[in-house]
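Working notes, structure below.
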Amino acid sequence: MRSISYSLLAIFAFLAKYISGAEKNLPFPGEVFSVQGHTAFLILPDAKLVRDKQMPWVWYAPTLRGLPGRAEKWMFERFLKAGIAIAGIDVGESYGSQQGRDAYTALHNHLVEKRGLAKQASLLARSRGGLMLYSWAADNPDKVACITGIYPVCNIASYPGLKRACRAYGLTEEQLKTDLAKHNPIDRLESLAEAKVPIFHIHGDVDSVVPLEQNSAIIKERYDKLGGPMVLEVVKGQGHNMWSGWFQSQALVDFLIKHACRNITP
């Protein structure tokens, strides 16, 4: 029955795009649909690889125009071969604000309640996707299997800066500065540590856009102190670029697959 439902989903994906009004080019065939007015996507593995009652899945961010793109194909191919679905939703430049988090919750509810995906998602944050996924994860640690990041933004003050981010939060720059600890991922790790959510980051030591020390390094330092499990792989001589090593990290893929499938009931 499950394989039939996935086949039907694939057949109607093209039609669903026009019914929902949502459009997006994906690195692999998938369904594009709308959730609360936001463009979302779901890429399913081959039905022959589906053996579980609940399908494990990767939650990718940011799902802005052109993302995910060709750079993610290597990783996505391996996730799909492991029987893991891939999903995301475009919340624009929300920088982890409540409005973006609400849309994330709506997508999670839709995928779990209506598509049969596992309650716990494995998060994959690329760059500014870190603000989006970490902010939602801090609110919902019980719904997170693991967090992985490719030079992820974890500090609003570092990027995009308070002046740019404040509008997404509906605050003035001064108000966001005053309330920063309520919103900033580097200050919201306690709930994740208590839930023992495993984290893996890969980050370059010469990243001038999302500096290592202000983002992944401080996450590692604080998460260690809280007793949370984290691996930080620092790549020497690499910055915020399209080096293939970011997107073809076997260590990251192995980590995510391991934790995505950890609590799935056969």
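No lab work stands behind these numbers, since they all come straight from the coordinates. Note that the structure is a prediction, hence the values are computed from the model and not measured. Heads up, the Cβs are rebuilt from the backbone with ideal geometry, glycines too, and the neighbour counts pull from every protein chain shown.
Tell me yes or no: at least one residue of the range 109-130 is assigned to a strand (DSSP E or B) and over 24 Å from Ile202 (Cα atoms). Scanning the range 109-130 turns up at least one residue that is assigned to a strand (DSSP E or B) and over 24 Å from Ile202 (Cα atoms).
Rundown of residues vs (1) of a type in the set (D, E, K, R); (2) surrounded by fewer than 21 Cβ atoms within 10 Å (Cβ to Cβ), yes/no style:
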{"residue": "Thr148", "(1), (2)": "no, no"}
{"residue": "Arg164", "(1), (2)": "yes, yes"}
{"residue": "Glu194", "(1), (2)": "yes, yes"}
{"residue": "His203", "(1), (2)": "no, no"}
{"residue": "Val210", "(1), (2)": "no, no"}
{"residue": "Val234", "(1), (2)": "no, yes"}
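Quick check on this structure: which one of Pro27, Pro68 is touching a residue at least 24 places away in the same chain (Cβ under 8 Å), buried (at least 21 other Cβ atoms within 10 Å of the Cβ) and in a loop (DSSP other than H, G, I, E, B)?
Values: Pro27 fails: buried (at least 21 other Cβ atoms within 10 Å of the Cβ).
On inspection, the qualifying residue turns out to be Pro68.
Of all residue pairs spaced 6 or more apart or on separate chains, those with beta-carbon atoms under 8 Å, a first member in the range 109-120 that is among the small types (Gly, Ala, Ser) and a second member that is buried (at least 22 other Cβ atoms within 10 Å of the Cβ) and assigned to a strand (DSSP E or B) are Gly116/Met55; Ala118/Met55; Ala118/Trp57; Ala118/Ala145. Which of the residues that make up the range 131-143 are polar (S, T, N, Q) and either under 8 Å from the mean Cα position of the chain (by Cα) or part of a helix (DSSP H, G or I) (or both)? The one that is polar (S, T, N, Q) and either under 8 Å from the mean Cα position of the chain (by Cα) or part of a helix (DSSP H, G or I) (or both): Ser135. A Cβ distance below 9 Å, combined with a sequence gap of six or more or placement on separate chains, defines the contacts here; from the range 212-231, residues that are free of Cβ contacts under 8 Å to residues at least 12 places away in the same chain and surrounded by fewer than 17 Cβ atoms within 10 Å (Cβ to Cβ) reach residues that are aliphatic (A, V, I, L, M) and in a strand (DSSP E or B) in the pairs Asp224/Met230. Only one of the numbered conditions (1) surrounded by 24 or more Cβ atoms within 10 Å (Cβ to Cβ); (2) farther than 20 Å from His201 by Cα is violated by Asp102, and that is (1). When the range 58-90 is limited to residues that are β-branched (Val, Ile, Thr) and under 12 Å from the mean Cα position of the chain (by Cα), the one that is nearest to Gly37 (Cα to Cα) turns out to be Ile89. If you go through the range 166-192 and keep only what is under 26 Å from Ala145 (Cβ atoms) and surrounded by 14 or more Cβ atoms within 10 Å (Cβ to Cβ), you end up with His183, Asn184, Pro185, Ile186, Asp187, Arg188, Leu189, Glu190, Ser191, Leu192.
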